[in-house]
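Below is one structure; the comments refer to it alone.
The values are calculated or read from the model by the stated rules, or taken from the named source; none is laboratory data. All figures in this text were calculated on a predicted structure; none of them were measured in a lab. Cβ sites come from the backbone with ideal geometry, for glycine too, and all protein chains shown count toward neighbours. Areas reflect the complete protein model, heavy atoms only, side chains present, ligands, DNA and RNA absent. Shrake-Rupley method; radii C 1.70, N 1.55, O 1.52, S 1.80 Å.
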Amino acid sequence: MGILPVSEQNVFFEGPLSGPWYSKHKTQLLGVLLAAASNFLISVSLSIQKCAHLRLACQTEPKPYYTSKLWWCGIILLGLGEVGNFTAYGFAPIALVAPLGCVSVIGTAVISVLFLKQTVRAADILGGTLAVAGTYLLVTFAPNVPQELTARRVQNNLVSWPFLVYVILEIITFCILLYFYKRKAVKHIMILLMMVALLASLTVIAVKAVASMITLSVKGKMQLTYPVFYIMLILMATSCVFQVKFLNQAMHLYEATAVVPINFMLFTTSAIVSGVIFYQEFQSAALLSAFMFLFGCLLSFLGVFVIARNKKEEHLQVPYIDCGRIPGQKLTGKIQPDSYSSCYGTLNNEDDSVKTQS
């Protein structure tokens, strides 16, 4: 009996995580696992911070939130999650890492039910199922692009005509939105979140460039001596600062149930478009793979929207001022400003106050 050739021997041992498939996708698989774990860690950190706020609110003598060890634990986990997300861009395409933000939404919903004792809704189950199915399609049909992103390649992409046209259109659109926001005082949720998405497209481009150059430098191919590394580092920091500013403005004016799904949809769309234009991530992808990937994005958007839809905001209970506890007073009514009218406490209008004084 002769010895089988090496190519025929590998056929018997080839599996989903071995052989040519694993060798081709192992770097991308590492980025996927890192991004999913980081987004789940972010959902855990947000739930821990919420739990800390609720505990402080129940105390007889409320203390500042930054004195709580539990709150600081959540902040540390949040930082670790963001670092993990940053690192994932060095191993996987933007089009794959950005949509995995839905893992954070799913994780938050699950943790809220298990540990914060919130009720399970049918919308949570349906939305989670849609998001999981969309995530599976995203991972399966994501573009497989080379990850050797050197500083010279970043320099060439910065001066390519598709990216220059894209940046010019983005700057014009951002200036128009900023004009309505500043001059016309139009603070509609779509204007705010569209500015966040435009800034986020630059952020993900810079984050992937910086993360990839750092990864190559750690492997021994020094990239930190190129000026483009520091240009992308400054672009990343600047765009992040203004992105957080407009996102906080949206969270202040509107409920999180409206901000979260819209921001996720616009952010993911802008990130995918920027990855396609700057890094040509779908350049060699088949038409069916691109269609299934977009269908997975649509399922993820729909799942996040269903989870956040009609979800009631939880507000901390603010104690009323009770005049019945003041010595010498027999009033039992609560004096508290009504946010939906101009009256204060038991004084309904001006005539009643005049009659009381007379």
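Of note:
- Selection count, region 171-222, where residues are among the small types (Gly, Ala, Ser) and not in a helix (DSSP H, G or I): 2
- Among (1) open to solvent by 20 Å² or more (accessible area, probe 1.4 Å); (2) not in a helix (DSSP H, G or I) - the single one Asn156 does not satisfy: (2)
- Scanning region 159-170 for residues that are assigned to a helix (DSSP H, G or I) and either at positive phi or surrounded by 13 or more Cβ atoms within 10 Å (Cβ to Cβ) (or both) turns up Phe163, Tyr166, Val167, Glu170.
- Pair list, Cβ < 8 Å and 6+ apart or interchain, from region 270-282 residues that are assigned by the TED database to the domain that holds Leu164 and among the aliphatic types (A, V, I, L, M) to residues that are modelled with pLDDT under 90 and in a loop (DSSP other than H, G, I, E, B): Val276/Phe282
- Checked against (1) farther than 22 Å from Cys297 by Cα; (2) open to solvent by 70 Å² or more (accessible area, probe 1.4 Å); (3) at pLDDT below 90, Gln118 passes all but a single condition, namely (2).
- Filtering region 274-296 to residues that are more than 16 Å from Val167 (Cβ to Cβ) and assigned to a helix (DSSP H, G or I) leaves Leu287, Leu288, Ser289, Ala290, Phe291, Met292, Phe293, Leu294, Phe295, Gly296.
- Residues being at pLDDT 60 or above and out of contact with any Cys (no Cβ under 6 Å at 6 or more places or on another chain) - total across region 281-329: 29
- Per-region count, region 215-243, residues open to solvent by less than 30 Å² (accessible area, probe 1.4 Å) and of a type in the set (Gly, Ala, Ser): 2
- Tally of residues being touching a Leu at 6+ places or on another chain (Cβ under 9 Å), closer than 17 Å to Val113 by Cβ and of a type outside the set (A, V, I, L, M) across region 28-59: 3
- Test: residue in region 166-183 that is out of contact with any Pro (no Cβ under 7 Å at 6 or more places or on another chain) and modelled with pLDDT under 85: yes
- Subset of region 164-202 [more than 17 Å from Val244 (Cα to Cα) and in contact (Cβ under 8 Å) with a residue 40 or more places away in the chain]: Tyr166
- Within region 282-297, considering residues that are surrounded by 12 or more Cβ atoms within 10 Å (Cβ to Cβ) and of a type outside the set (A, V, I, L, M, F, W, C), the one farthest from Asn263 (Cα to Cα): Ser289
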